[in-house]
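Reviewing the structure listed below.
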Amino acid sequence: MITTALRMLIGDKTKLLGLIFGVAFSTLLICQQVSIFVGLLGRASSVINDVRSADIWVMDPSVRTIDASHPMRDTELSRVRGVEGVAWAVPLFKSQVQVRTREGRLENAVILGVDDTSLIGVPNEFLLGSVEDLALPDAIAINPAGFRLLFPGAELDVGRELELNDRRARIVAIIDAAPAFAANLTIYTRYSLATTYTNPGRNVMSFIIARSADGLAPEVVAQNITDRTDLKAVSSSAFRTESIKYIIENTGIPVSFGTVVILGAIIGVAIVGLTFNQFIMENLKQYAALKAIGLKNRRLLAMTLWQAGFVCIIGYGLGLGAAVLFFRSTAEVDALRGFYLLPEVAGGVAVLAAVIVLLSTLVSMRRVLTVDPATVFRG
Amino acid sequence: MTSTSMQHSQMHAPPAESDVVVVCRSIKKSFGEGQARVRVLRGTDFDAKAGEMTFLVGPSGCGKTTLISIIGAILSCDGGDIRVLGDDLRRMRNGQLADFRLDNFGFIFQQFNLLPALNAAENAAIPLVARGYSTRKAEGIASEMLEKLGLGEHTRKIPAQLSGGQQQRVAIARALVHSPRIVICDEPTASLDAASGQRVMELLRDAAMDHERAVIVVTHDDRIFRFADRIAHMADGTISKVERGKLESSKTPVTPKDAIP
Ligand SMILES: Nc1ncnc2c1ncn2[C@@H]1O[C@H](COP(=O)(O)OP(=O)(O)OP(=O)(O)O)[C@@H](O)[C@H]1O
Ligand SMILES: [Mg+2]
């Protein structure tokens, strides 16, 4: 009866297309939105991820996310260094600057100042230049997305000059750092230079990044630091989680993405539900005839489930394919860089698509199960 | 009148002959509750024999459809005895009734009730597929049956591409494809013009009649009475008389040429 069930469905091209479209639409929309959302959350922690050598972050107790820091006194650094279990600790400056090109382009940037001598905190992925170049006067490194933002159409190169808050800076390296949450343009430079570009003066340290001594858990050392200073210290992974949580709890982003996802699901249920119901209603008399002929409810239910499953698989496949194409075609778009269709998302949406189809066919299935075969003889 | 009542009393004789495949005794059936209760069958007796085409005729609303629905194991009765092929339908559960229908009945409806997306062969093959035949084998057998019914060239057409008469012939093929012992038709010609109705009845008679098979036809259409072996007249929920059909015309096979005026 499987063939019969599928032939019934395929025979009605208009409804079949409607059903497949409904599922594909929901799949595409939800896959795309959830992936972008996950990608955005990833950006919230990209700076933390890029500082790979540190496993402890120290900050003012009021700080709850990498994106909003509060300056600490410079003297805190030596106190942290003195805590038991701390292998090393260096300052990290993080702020925002206005960047202007010679051509007059103006962009916002996240600027990170790393320890002048060790340069710890700079990501290792140098596309052009090297970490030593950052020791040069006015030297800064920027990410490729930022470069393309400033110099549209230009090949990646070094040596160009910029103005950071009206002070001269020179690009000496291109680093493949992930785009940050606050801006697509990320600048790495020496701590001393970064502070002059932004807000010169004392007590400007945003974070202290540190490493736990071999054999000690970062959580334990972080707790030591918290106990011995007035500062807040957490492991990198805890800080990552906290920063993501901050975005989820304190911005409208989850709500707006969530709304789109829920709308996508509702529209899917509506399209699939209405179309499937119409399909079943048009065939109800025939279902009654099949019952009269001797098909049991179990059989008819199986037929409807096959039809629903067929719609679900084809629709999901097309929707997923469209989502893959979307992310393929935007892979080179910097604004959407780092947004991928994660397998977990694809898997989750598969389950959701099945739920959508099942939900929207429940009513129709009830009709099939309850239709009285005796009605076939009535006009 | 006397001959009719004799025939009628014959029906009350115990079903000794094994060719009496449907035996209804004092069947009662009402619909609704309380004030709205309608007593449709008030102790109806009815028999059908294998090798015969039994017509059930009577005014609209007298309970013909209700009776054949009960005989066809689709509707349960409130009282009386019903035996089909020796089995007591009242003792069967729903699932058993469905299996019983699939094994023993072929149904032909006024509105054909073919699946619109399936072609003629696929539609006619349904009872076989439902019984577990492979689609291919079932459609092969169904196509032979369609051929027999003069639809050899139309096996791949969907119902919308066929005339009403052709669709009803597909329905006949579906009703006969699994060689059921009993075929039940409710107003098989009511949706057809006179010529198509005649042709459908001829084909039904040729294809369905078999010494093992009973065919029960409910109809209003007196132009097809000549196909009946027996005609049971129903009024107010009981069988008022049973008469022999015009055997000469019904037993003589009618060629298609004669049928088209
Ligand atoms: N499911 C039902 N619920 C309530 N009343 C019903 C139901 N089925 C049939 N009836 C009533 O039972 C009576 C007999 O109906 P039935 O369909 O058996 O008549 P019929 O002889 O087949 O009539 P027709 O020639 O018009 O088809 C009618 O009055 C009808 O309204
Ligand atoms: Mg009727």
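The values are calculated or read from the model by the stated rules, or taken from the named source; none is laboratory data. Computed from a predicted structure; not experimentally measured. Cβ coordinates were reconstructed from backbone atoms using ideal geometry, including for glycine residues, and neighbour counts include every protein chain displayed. Protein only, heavy atoms only, side chains kept; ligands, DNA and RNA dropped before computing areas. Shrake-Rupley method; radii C 1.70, N 1.55, O 1.52, S 1.80 Å.
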- Is it the case that A:ALA354 is away from ligand 2 (no atom under 16 Å from the Cβ), open to solvent by less than 40 Å² (accessible area, probe 1.4 Å), away from every other protein chain (no Cβ under 14 Å) and modelled with pLDDT of 90 or more? no
- Query: In the stretch A:299-309, what residues are touching a helix residue (DSSP H, G or I) at 6+ places or on another chain (Cβ under 7 Å) and more than 14 Å from chain B (Cβ to nearest Cβ)?
  - Reply: A:ALA308
- Check A:GLN223 against each of (1) touching a strand residue (DSSP E or B) at 6+ places or on another chain (Cβ under 6 Å); (2) open to solvent by 70 Å² or more (accessible area, probe 1.4 Å) and name the one condition it does not meet. (1)
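Yes or no, residue by residue, for (1) on the phi > 0 side of the Ramachandran plot; (2) over 29 Å from the mean Cα position of the chain (by Cα); (3) surrounded by 14 or more Cβ atoms within 10 Å (Cβ to Cβ):
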residue	(1), (2), (3)
A:ASN49	no, no, yes
A:ARG52	no, no, no
A:MET59	no, no, yes
A:SER62	no, no, no
A:PRO71	no, no, yes
A:VAL80	no, yes, yes
A:GLU84	no, yes, no
A:LEU92	no, no, yes
A:VAL97	no, no, yes
- May I ask you to say which residue of B:ILE74, B:ILE108, B:ILE82, B:ILE70 is in contact with a Ser or Thr (Cβ under 8 Å, 6 or more places away or on another chain) and β-branched (Val, Ile, Thr)? B:ILE70
- Single residue of A:ILE267, A:ILE314 found to be more than 10 Å from chain B (Cβ to nearest Cβ) and modelled with pLDDT of 95 or more: A:ILE314
- Task: Kindly list, by first and then second residue, each pair from a residue in the stretch A:279-298 that is at the interface with chain B (Cβ under 7 Å from one of its Cβ atoms) to a residue that is in a loop (DSSP other than H, G, I, E, B), limited to pairs with Cβ atoms under 6 Å and residues at least 6 apart or on different chains.
- Result: A:LYS285/B:ASN113; A:GLN286/B:ASN113; A:GLN286/B:LEU115; A:ALA289/B:ASN113; A:ALA292/B:ILE74
- How about the stretch A:128-208: which strands (runs of 3 or more DSSP E) wholly inside it have at least 3 residues that are touching a residue at least 60 places away in the same chain (Cβ under 8 Å), within 23 Å of A:ALA89 (Cα to Cα) and open to solvent by less than 50 Å² (accessible area, probe 1.4 Å)? A:185-190
- Where residues in the stretch A:357-379 are more than 16 Å from ligand 2 (Cβ to nearest atom) and free of Cβ contacts under 8 Å to residues at least 12 places away in the same chain, which of them is farthest from A:MET303 (Cα to Cα)? A:THR370
- Message: Of the conditions (1) open to solvent by less than 30 Å² (accessible area, probe 1.4 Å); (2) away from chain A (no Cβ under 14 Å); (3) closer than 20 Å to B:VAL217 by Cβ, B:SER30 satisfies every one except a single condition; which number is it?
- Response: (3)
